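Q: Handing you this structure, nothing more for now.
Taken together, the values in this text are just the output of simple stated rules run on the coordinates, not laboratory data. All values reported here derive from a predicted model rather than from experimental measurement. No Cβ is skipped: glycine too gets one built from the backbone with ideal geometry, and neighbour counts run over all protein chains shown.
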């Protein structure tokens, strides 16, 4: 307990001893400040009333601060404060050391409050800013294509326009192309207005969107309205059942959590009921070990096997998506080709942590399709089973049925999978209405085994039989292993049992630290061979080069030829530029590309690389050359306006934006150097670090009276700043001092010897840290 608290308590004790009711003092009680230890944990010094019969009374407020929030017993009121008798609390023992003035208390765990700790994400202690700025952006990508001898073939311009205001986002993209000998063609792609209600994880869309109705259903491009529960709006929200652990601690303990033998979290926890929830796990079967270690070094180990899947929903949670609109036809070819009013939707509900149930449906003027689904965590951690059934009816046809069973087991070394799907000939969903190829049944099964020493083995079998169309049946075997350093080797064999054709692939990859990957492969397909050597340099997040170079050799029984490919790209500050050369079987093709983005927010228009997600403008006063960082990586330096653009800010995630305070001049002050920002989807944020220039002003206030000028010492006068009064004292010789006032002319007021004086104070524009104003004469 801090020393200031002891001083405060001493003053309070003195007051209590004077004012405490005489009837209580008559019982022989006394007040004392004692060092209190609770279950071997020092809590500090507290005010304690000691009764004549050896009971100890402590303020209920102090007991709650110590952690005994569930303590109940006899309460006495002393000077309008509630004191709780330790002797009256069931489950509490205490011992007083008179020499050390120390009170040792031991309480049973159930008397402490419940402490719930989320293990997946650390507790947020920083202040998170959730911006809702009005902003917009325009992305463009212009590509020029040429053929042999660099003869012109085509020009293509793709663009995307986005505008956000508050919780609403308008987004549209389009394509413009011109081919040699043909007219120009403009095609609108996707356009929609999106509304997100972040606190409820709800999203509404008006316009184009891709809709799905789940297993055995369709996925369509629909123009209309949609309403969904979107958990991606808050990636920190845990929607699937995680592993939790609870227990009672009688002593302060150190808790260590191990996942499959690897330490993933360490905490120090006070006595009481402890709940560790959302312990992070991998998909599949594993083992969580919790180690409890008390102050005496005694350990307790608890083992908890688990099977984790992200297919389940937590008990009581629901997930849904409903779409109503017109089907988009000829997407990418025509701008406004819509027909057939259609409904698609699904709804899933976490009945328990082990069972999620759902329903789905589709409807058009001539079709109704309904279905049920379930996801079950099997007993004894034997895997996850998905099952679905669907029924359809269409005009002029008999009713149809379809079913699906999907089993998945993922162990530490072994994995198994099985997918079965069957359809009657009369079963239709919206996607199947316009196709003649109909599946009768589908079987896909696989098994895999992995060890860090041997690598990964996998085998699989797939068979699809159709009412109309081509049947397929194939087997697959693969092997992969990490070799020395950051290198990997893989081999794959595939055999088509219907056509009796085989395919074999060997590949090797080596990853360098400078974003460079070198790979080589050999492939054989039905007597044709292909060898490839490839070097890839990934583009950096900031400015820099990237590219790809590859050589392919094709040879068979008849001919042999080579393919060459060279791609170069450069991330510049205001855009991205690139070029590609491709030579395939003696035919050449060239392309040149330029891409970028134009964004605006408040009074700032910026040019940059394409805005792929969200962006932010960071302002640091009017200071130039201040380095700005995103999650520790330098993004750039502020310009002459004190601004820099961050073109790649992640939506919905907490992003740390910071500045280098070493770049701030000595005569400037900062209120903070780090901000945490969580922007909405495809948004622009204005992040300001206020840098205030420190500037002091000094002068002497004097009075001219009867031709004589004398200093006004030790008086108080006022300056009127934007309608507010700033009171200033004078010292010896009438000297005064104040800070950080903008240049301008201000009014001063003084009441001296019952007379009011009014005068002007002129603040000049100056770069000096200390500005001398000289003599200010009152008349």
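Q: Could you rank the peptides 666-674, 695-703 by their average count of other C-beta atoms within 10 Å per residue, with the highest value first?
A: Final packing ranking: 695-703, 666-674.
Q: Further, regarding this structure: Modelling each spin label as a point 7 Å along the Cα-to-Cβ direction, I'd like the residue 766/residue 120 distance in nm, to one decimal.
A: That separation, rounded to one decimal, is 6.0 nm.
Q: According to a simple spin-label model (label point 7 Å from Cα along Cα-to-Cβ), what is the distance in nm between residue 87 and residue 752?
A: Placing both labels 7 Å beyond Cα along the Cβ direction yields 7.2 nm.
Q: Please work out how much length the chain gains when fully extended from residue 503 to residue 708, using 0.36 nm per residue of separation minus the C-alpha to C-alpha distance, in nm with one decimal. Spell out each step's value before the answer.
A: Numbers: separation 205, 0.36 × 205 = 73.80 nm, distance 10.87 nm.
Contour length minus the Cα-Cα distance gives 62.9 nm.
Q: Below 8 Å between Cα atoms, with a sequence gap of 6+, how large is the relative contact order for the chain in percent? Let's see the in-between values first.
A: Numbers: 2005 pairs, mean separation 58.5, N = 779.
After rounding, I find 8 percent.
Q: Using only Cα atoms, locate the centre of the range 483-525 and the centre of the range 703-757, then give the distance between them in Å, rounded to an integer.
A: First find each Cα centre; the distance between them is then 84 Å.
Q: While we're on this one: Assuming R0 = 41 Å, can you tell me the calculated FRET efficiency for the pair residue 553 and residue 167, based on Cβ-Cβ distance, to the nearest 0.05?
A: Values: r = 55 Å, r/R0 = 1.35.
In this case the efficiency is close to 0.15.
Q: Using only DSSP helix segments of four residues or longer, with each worth -39500 (n - 2.57), what per-residue ellipticity at 222 nm results for the chain after dividing by its residue count and rounding to 500?
A: Taking each H run of at least 4 residues, the total per residue is -1000 deg cm²/dmol.
Q: Moving on to the next point. Rounded to the nearest 10 degrees, what's the angle between the helix 3-19 long axis and the longest principal axis of the chain, both from Cα atoms, 0 to 90?
A: Roughly 50 degrees between the two axes.
Q: If I stretch the segment between residue 631 and residue 724 completely, what's the gain in nm (0.36 nm per residue apart, minus their alpha carbon distance), one decimal?
A: Answer, rounded to one decimal: 29.4 nm.
Q: Hey, what did the range 696-778 get for relative contact order, percent, Cα under 8 Å, at least 6 apart?
A: Answer for the range 696-778 is 37 percent.
Q: When a/c is below 1.5 the answer is rounded, else prolate if a/b is larger than b/c, else oblate, so apply that to the range 696-778 with a ≥ b ≥ c taken from the square roots of the Cα gyration tensor eigenvalues.
A: Judged from the Cα gyration tensor, the range 696-778 comes out prolate (a/c at least 1.5, a/b above b/c).
Q: Note down the nm distance, to one decimal, between modelled labels 7 Å out along Cα→Cβ at residue 605 and at residue 351.
A: Calculated label separation equals 6.0 nm.
Q: OK, next. Just report the Cα centroid separation between the range 556-622 and the range 262-320, whole Å.
A: About 45 Å separates the Cα centre of the range 556-622 from the one of the range 262-320.
Q: For residue 671 and residue 144 in the same chain, what is the full-extension length gain: residue separation times 0.36 nm, less their Cα-Cα distance, in nm?
A: 184.8 nm
Q: Calculate the FRET efficiency for residue 299 and residue 487 from the Cβ-Cβ distance with a Förster distance of 56 Å, rounded to the nearest 0.05.
A: In this case the efficiency is close to 0.85.
Q: I would also like to ask the following. Between the alpha-carbon centers of the range 50-109 and the range 131-202, tell me the distance in whole angstrom.
A: Cα centroid of the range 50-109 versus Cα centroid of the range 131-202: 70 Å apart.
Q: Something else now. Is the chain rounded, prolate or oblate when judged by the Cα gyration tensor, a ≥ b ≥ c being the square roots of its eigenvalues, rounded requiring a/c under 1.5 and prolate requiring a/b larger than b/c?
A: oblate
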